[in-house]
Every structure is written in structure tokens, then in C-alpha cells.
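Colleague: Here it is, the structure in full.
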Amino acid sequence: MTADKPLALVDTNLLVYAFEKGHSDRNQAARNLLRDLMAEDRLCLSTQVLQELFVTLTRKVRQPCSPTEALAVLEDLSAWPVMTVDFPAIRTAAQLSGQSGLSFWDALIVVAAARSGASVLYTEDLNHGQEILGVRIVNPFALA
């Protein structure tokens, strides 16, 4: 990581696009984003993201993965820094949710990004360009 290339936390929705079976513009954009972040050693994740990814890949996508396939994806991703969601993170997310009107789950991912040292959160669930807790929200699909 370099100063001009800060750590970036990637939300579940983008990982689902990257790893689900199928091909679309969003799949390719998410795969390219992950490839670039990995090549630049900037990727970081949270336990919340890994949990949601497993459930989504095995139950909620059009062509589900087997639990073994999904676990293999998580194993590969765990090579990157993973911020553990603990009670202080939950407390901070609950407070942020109450103050900002964000859903608890969106607040938790923002808190995870901030606590991991990421200055960028890639997601399609929040407002592109917004800054929360010093973390800039980037929707990679808004850039296309």
C-alpha cells in the first residue's frame, strides 16, 4: 500500500458480483476492481462481509455455489486483512445508525472500513462520493 493508494474495504455486494456464476457487466467490473486492489495490495475485508458472502453465494444467487465452493472463496479472500467485528464495532455502528439514519448493517460496514484503516469503501449500497467517519464511499458502477 502507498499513500496515494489507500486500503479499500469491499462490501459484500461487489464480492457477490465478482464470484457468482454468470457473466454480466457488473460481474466483470467487480472482478476487475478486485484484481486491481489485490495487485496493489490494497484489499481489506470484514468478518461481516465474509459471513454475508458465504450465505449469499450458497443460497441467494441464481446459480448457488456448494458450501465447499463458497468456503474456498472465503479461504482465498482471508489472505487479505480481515477486520473482526467485535462488540466495540457493534456499539459504534449502533450509535452511527441512530445519528445518521443509516441501516445498522450499512453503519457496521462503514465502521469496519474506518477501523481497518481503509479510506475507501467500495459498495453500491451507499451514496457515491459521500464521506462517513473519514471513509469515502465509492460505487464503482457509478464511475462507468
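Colleague: Using R₀ = 30 Å, calculate the FRET efficiency as 1/(1 + (r/R₀)^6) where r is the Cβ-Cβ separation of A79 and D25; round to 0.05. Write down the numbers at each step before the final one.
Modeller: Working: r = 27 Å, r/R0 = 0.91.
Step by step, r from the Cβ atoms, then E = 0.65.
Colleague: Just from its helices, what would the mean residue ellipticity at 222 nm be for the chain, if runs of 4 or more DSSP H residues each count -39500 (n - 2.57) and the sum is divided by every residue, rounded to the nearest 500 deg cm²/dmol?
Modeller: -15000 deg cm²/dmol
Colleague: Taking only Cα atoms of the stretch 78-127, what ratio of Rg to Rh do you get with Rh as the Kirkwood inverse-distance radius?
Modeller: My calculation puts Rg/Rh at 0.96.
Colleague: Follow-up question, since we're still on this one. Quick one: length gained pulling Q130 to R62 fully straight, 0.36 nm per residue minus the C-alpha distance?
Modeller: Values: separation 68, 0.36 × 68 = 24.48 nm, distance 3.11 nm.
Extending this stretch completely gives an extra 21.4 nm.
Colleague: Separate question: What is the dipole size for the chain, taken about its Cα centre, with +1 at each Lys and Arg Cβ and -1 at each Asp and Glu Cβ, in debye to the nearest 20?
Modeller: That gives the chain a dipole magnitude of about 180 debye.
Colleague: Kindly provide the GluC sites (Glu not before Pro) of the stretch 19-122 that DSSP labels as loop, not H, G, I, E or B, and whose Cβ sees at most 14 other Cβ atoms within 10 Å.
Modeller: Listed in order of number, the matching sites are E40.
Colleague: Moving on to the next point. What is the P(r) of the chain, as percent of Cα-Cα pairs per 5 Å bin from 0?
Modeller: Here the calculated profile for the chain is 2, 10, 20, 24, 21, 14, 7, 2.
Colleague: Additional query: Once you mark the trypsin sites (Lys or Arg not before Pro) that are in a DSSP loop and have at most 14 other Cβ atoms within 10 Å, what is the longest gap between them in the chain?
Modeller: Values: sites that count: K21, R62.
Longest stretch, sites excluded: 63-144.
Bear in mind these aren't lab numbers, they're just calculated from the coordinates by the rules spelled out. Note that the structure is predicted; figures quoted are calculated from it, not measured. Glycine gets a Cβ as well: all are built from the backbone with ideal geometry, and neighbour counts include every protein chain shown.
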